[in-house]
Amino acid sequence: MRVKVNDTVEVIAGNDKGSRGKVLTVNKKTGKVVVEGMNLVYKHVRRSQKNPQGGRLSKEMPIQISNVMIVCEKCSSPSRTGYRYMKDGSKERFCKKCGAGHGEVAPPKAAYAEK
Ligand SMILES: [Zn+2]
């Protein structure tokens with residue numbers, strides 16, 4: 001699972017192809033992510049106490065994780081992401097295009113540390 005909450009991703013398939021947004025939730029079970037402002041559907045809402053007006057409400061629907069790509073902050077392009085071990089044995093994600101780190105994903109492990 002390479003995508004994490006708060007990542008900026010670009011949608012690479014479907015109606016929102018080419019748009020970028022922030023990841024709001026990741027569902028590991030279904031392999032889907034909800035991205036801010038992407039894959040919007042209008043939900044028709046009946047008048048109720050909570051919604052005295054009723055009407056239409058836009059809502060983000062989950063997108064298949066394979067249809068989004070993480071946008072690298074450094075080279076600002078959607079890029080493939082890899083994992084690598086750091087000198088102290090911690091694991092981080094990195095941009096395969098420019099090599100910039102995308103932050104630590106696992107705490108240092110002695111077994112992977114450089115001796
Ligand atoms: Zn990059």
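What the table below lists for this structure:
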| read-out | value |
| --- | --- |
| Segment 65-93, subset surrounded by 13 or more Cβ atoms within 10 Å (Cβ to Cβ) and among the polar types (S, T, N, Q), residue nearest to the ligand (Cβ to nearest atom) | SER79 |
| Out of LYS96, LYS22, sole residue that is within 16 Å of the ligand (Cβ to nearest atom), touching a Gly at 6+ places or on another chain (Cβ under 9 Å) and open to solvent by 80 Å² or more (accessible area, probe 1.4 Å) | LYS96 |
| Selected residue (only one of ARG20, ARG46, ARG56 is at pLDDT 95 or above and among the charged types (D, E, K, R)) | ARG20 |
| Number of the condition not met by LYS97 [criteria: (1) within 30 Å of LYS115 (Cα to Cα); (2) in contact with a strand residue (DSSP E or B) (Cβ under 7 Å, 6 or more places away or on another chain); (3) of a type outside the set (Ser, Thr, Tyr)] | (2) |
| Failed item, numbered, when GLN53 is tested on (1) open to solvent by 20 Å² or more (accessible area, probe 1.4 Å); (2) under 20 Å from GLY21 (Cα atoms); (3) more than 9 Å from the ligand (Cβ to nearest atom) | (2) |
| Members of segment 25-44 found to be open to solvent by less than 40 Å² (accessible area, probe 1.4 Å) and at negative phi, listed by number | VAL33, VAL34, VAL35, MET38 |
| Close pairs from segment 1-18: first closer than 18 Å to GLY103 by Cβ, partner assigned to a loop (DSSP other than H, G, I, E, B), Cβ under 6 Å, at least 6 apart | MET1/LYS28 |
| Answer residue from segment 72-108, given it is of a type in the set (A, V, I, L, M, F, W, C) and within 15 Å of the chain's Cα centre (by Cα) and is modelled with the lowest pLDDT among those | VAL105 |
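The values are calculated or read from the model by the stated rules, or taken from the named source; none is laboratory data. Everything quoted here is computed from the prediction, not taken from an experiment. Reconstructed Cβ throughout: ideal geometry from the backbone, glycine too, with neighbour counts over all protein chains shown. All accessible areas refer to the heavy atoms of the entire protein, side chains included, with ligands and DNA or RNA removed. Shrake-Rupley method; radii C 1.70, N 1.55, O 1.52, S 1.80 Å.
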